[in-house]
1. Roughly how many debye, to the nearest 20, is the charge dipole of region 8-82 about its Cα centre, given +1 on each Lys and Arg Cβ, -1 on each Asp and Glu Cβ, and no other charges?
2. Calculate the translational D of region 8-82 in whole µm² s⁻¹ from Stokes-Einstein, where the hydrodynamic radius comes from the Kirkwood formula applied to all Cα pairs, the temperature is 25 °C and the viscosity 0.890 mPa s.
3. Among Tyr42, Tyr49, which comes first, second and so on when ranked by fewest other beta-carbon atoms within 10 Å?
4. Would you please give the FRET efficiency between Glu52 and Ala78, computed as 1/(1 + (r/R0)^6) with r the Cβ-Cβ distance and R0 = 22 Å, to the nearest 0.05?
5. If neighbour count is taken as other Cβ atoms inside 10 Å, put Lys104, Lys120, Lys29, Lys59 in order from fewest to most.
6. Where does the charge balance sit around Ala39 when Lys and Arg score +1, Asp and Glu -1, over other residues with C-beta under 11 Å from its C-beta?
7. With 10 angstrom as the radius, rank His34, His47 by how many other C-beta atoms surround their C-beta, starting from the fewest.
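Just so it is clear, none of the values below were taken in a lab; they were calculated from the coordinates. Keep in mind that this is a model prediction, so the values were computed, not measured. Here the Cβ positions follow ideal geometry from the backbone for every residue, glycine too, while neighbour counts run over all protein chains shown.
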Amino acid sequence: MDVEVGAIVTGKITGITKFGAFVAIAPGKSGLIHISEIASTYVNDIHDYLTEGQEVTVKITGVDQSGRLNLSIRAAAAAPAERPRTQQQPKPSAEAPEPAFEDKLKRFMQDSDKKISDLKLYPDKKGARRRGR
């Protein structure tokens, strides 16, 4: 099997370490999925996402000088979503529009005024005694 950077292939997890998982792609070809390339969220424990012997789809992200493969599950999952859009298809909006600057400023000022008034209600007792001396 000829491996190319950017190819999406299927492999089997052969070993798990605290920094990543080793994947056998073909006889004699294996690579490492770094812990940061397992999921799009923070991964604290790899065992929460992968097990030895599990079949995974990975993208070959690079080959280092020693011939070792760098692999990514995260990039393989994102690849189908990265297809180019045509002009007839509008980009779907994922969230509500961001509030205007004035609205953000108004909320910040309200929060700030509340925090300052709370500080004035409960002065530091230690500092108040020192001023009285």
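1. Values: 6 positive and 7 negative charges, 41 e Å.
Result for region 8-82 is approximately 200 debye, rounded to the nearest 20.
2. Values: Rh = 12.2 Å.
In µm²/s, the coefficient is 201.
3. Values: Tyr42 7, Tyr49 18.
Neighbour counts put them in this order, fewest first: Tyr42, Tyr49.
4. Values: r = 25 Å, r/R0 = 1.13.
Rounded to the nearest 0.05, the efficiency is 0.35.
5. Details: Lys104 11, Lys120 7, Lys29 16, Lys59 21.
The order, fewest Cβ neighbours first, is Lys120, Lys104, Lys29, Lys59.
6. Values: positive: Arg74; negative: Glu37, Asp48.
Net local charge, Ala39 excluded: -1.
7. Values: His34 15, His47 12.
Least to most surrounded, the residues fall as His47, His34.
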